[in-house]
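Structure record follows, encoded as structure tokens.
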Amino acid sequence: MENALIETIYGNLKGLKTSQTKQLKRLYQQRLPQDCLTTPEFAQRLAAISTEIQENICAYVNRRGQVMRVGVGTPRETQIPLLELPRYGAERLCGIRCIATNLKSESPHTASLTAMAMQRLDALVVINLTGSGFERRGGGATGYVKETYYAHLIPQSDRPDRNDSEPIYWQLSPPLSLDVLTQQNFLDLVEGLEEEFRREYIALDVDADRDRVAIIGLQTQKMSDRAFADGIAELERLVDTAGGEVLQVLSQKRTQPHPQTVVGAGKVEDIALAAQTMGANLVVFDRDLSPAQTRNLERQIGVRVVDRTEVILDIFAQRAQSRAGKLQVELAQLEYMLPRLTGRGLAMSRLGGGIGTRGPGETKLETERRTIQQRLTRLQKEVNELQAHRSRLRQKRQDKDVPSVAIVGYTNAGKSTLLNAMTNAEVYAEDRLFATLDPTTRRLAVNHPETGKPFNLLLTDTVGFIHELPPALVNAFRATLEEVTEADALLHLVDLSHPAWENQIRSVMKILSEMPSTPGPILLVFNKLDRVESHALERAKEEHPQALFIAASDRIGLETLRQKLVQLVQWNG
């Protein structure tokens, strides 16, 4: 069984005779010296078979000199699937070279060179043939071979600085005779290249604990340039918050997403090439991917592919501290992953570490679909119990006739900072997306603006919103989001220093409008006044004359806000 697998011939076998197939299989028995790109004998044998079957053929050889793959077709048509190649990263080559014949007697195509770069091959050797074989001149080192080329990847520092064209990842030799080619020292070549790759990799100060990420954005006709740029910038922040390092952002404009790969075939190839040459171990798309799209992309790119929702879920998994928060995050992750098990195997082996793979609690991510469904049922029951418990707590507060205000807003608008500034709550606050997940309620004592008597209300910090909040999170966090719908009034906090604050307002209002019950009156409050330029402040005041403007971190405008909150809840009552 093992020998049959080893002697598999890949590529286009249509029309081959049994004897020709046997000749191709015998190539697996060849052994090349470790320090040679190829030998004259092996090159001539490839050339003879290729001339006889009138097809290009490729032999893939490891550094021990063993032929490990034989294919009929060009290097692009016979390349090794990227998921089957060893993943060493940008500091190593894959340890395999390709020796290919070319019937057309021309310089190597860009497609073949691109295939070499995508696989991070040690080298690509192209043997141009004389054509029919009758032009041979005495056999030996000439024989069927007209001329040869060899190509290899080059370190980034050696790449030509060509701003007007695509980056050049490789170096191609001039036409060489077979004798000259076989005298090249192969081991010196690859060891020298890997030393340069390793030196560049170390110079990047790469953190082994951080995912190396390529972000992919698709701009459709319905999306403005500004909205697209804002979405990509937000995704970069999400990746950073999740613990990833963004190496590059690639984008494409299409009328609509490709049904199989989101972006076009050429762009998928560009992504694969960029991922291999940069050493990226994760590709993140700026939109939700179907299970089929994820499978297709991973197969063609050769690294793990996740979408925006998986990044957000991963952040929630890291941020959840309380039992309730972990419970809701686990529920959201399993609800999201369950329909995506098909094609990944029931073992869910890809969930082993890194962005999009973490989860709190005791979830065994290797369990079968049935077990996961049972776990989902239990989690739903616990969330329902949590929902009922919080409902009882809210009822007790209402019985005491203490009005409540929920702070809502886009993630990182400063909600926790505001709660701390107004109530000394000491809630964890950080300049990161989704810094806090668990709702925190504190009593706020203020003086009545008319009577001067002490007046109490409850202020609740809620989970941050985001554009296109994943439905799995909305469902799982319904117990938390009820703090919003049951509040007597809402304080909608906006980060005025963010360039897309207008879109963030619309996103929050859209989420609020989709909640099962209508929230109370909403007070619009612009935060981070200390970081805003004058023209942005004037525009906000012009568009929202009834809004308040504060700087929670510097406690600017908080007294006015207190008085306004009293008026808001009294008017609502």
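Observations on the structure shown:
Per-residue answers, yes or no, for (1) without any contact (Cβ under 8 Å) to a residue 24 or more places away in the chain; (2) among the β-branched types (Val, Ile, Thr); (3) assigned to a loop (DSSP other than H, G, I, E, B); (4) under 24 Å from VAL303 (Cβ atoms):
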{"site": "LYS25", "(1), (2), (3), (4)": "no, no, no, no"}
{"site": "THR38", "(1), (2), (3), (4)": "no, yes, yes, no"}
{"site": "GLU55", "(1), (2), (3), (4)": "no, no, yes, no"}
{"site": "PRO86", "(1), (2), (3), (4)": "yes, no, yes, yes"}
{"site": "ARG92", "(1), (2), (3), (4)": "no, no, yes, yes"}
{"site": "ARG97", "(1), (2), (3), (4)": "no, no, no, yes"}
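- Selected residue (criterion: farthest from VAL72 (Cα to Cα)) from residues of segment 2-16 that are among the β-branched types (Val, Ile, Thr) and modelled with pLDDT of 80 or more: THR8
- Where VAL61 falls short, out of the listed (1) outside any loop (DSSP other than H, G, I, E, B); (2) at pLDDT below 95; (3) aliphatic (A, V, I, L, M): (2)
- Condition met for ASN420 (at pLDDT 75 or above, in a loop (DSSP other than H, G, I, E, B) and not hydrophobic (A, V, I, L, M, F, W, C)): no
- Taking the listed residues LEU176, LEU129, LEU172, the one that is modelled with pLDDT of 90 or more and buried (at least 19 other Cβ atoms within 10 Å of the Cβ) is LEU129, with no other qualifying.
- Test: GLU330 is assigned to a helix (DSSP H, G or I) and either at pLDDT below 85 or more than 16 Å from the chain's Cα centre (by Cα) (or both): yes
- Counting the residues of segment 179-208 that are under 25 Å from the mean Cα position of the chain (by Cα), in a loop (DSSP other than H, G, I, E, B) and either at pLDDT 70 or above or not hydrophobic (A, V, I, L, M, F, W, C) (or both) gives 2.
- Which listed residue, of ALA425, ALA413, ALA429, ALA435, is at pLDDT 80 or above and surrounded by 15 or more Cβ atoms within 10 Å (Cβ to Cβ): ALA413
- Filter result (crowded, with 19+ Cβ neighbours inside 10 Å and without any contact (Cβ under 8 Å) to a residue 60 or more places away in the chain) within segment 105-120: SER112, LEU113, ALA115, MET116
- Restricting the first member to segment 145-168 and to residues that are assigned by TED's automatic domain parsing to the domain that holds LEU121, and the second to residues that are at pLDDT below 60 and not in a helix (DSSP H, G or I), the beta-carbon pairs closer than 7 Å and six or more apart or on different chains are ARG159/PRO167; ILE168/PRO160; ILE168/ARG162.
The values are calculated or read from the model by the stated rules, or taken from the named source; none is laboratory data. Predicted model, so just to flag it, every value in this text is computed and none were measured. Note: ideal-geometry Cβ built from the backbone for every residue, glycine included; neighbour counts use all protein chains shown.
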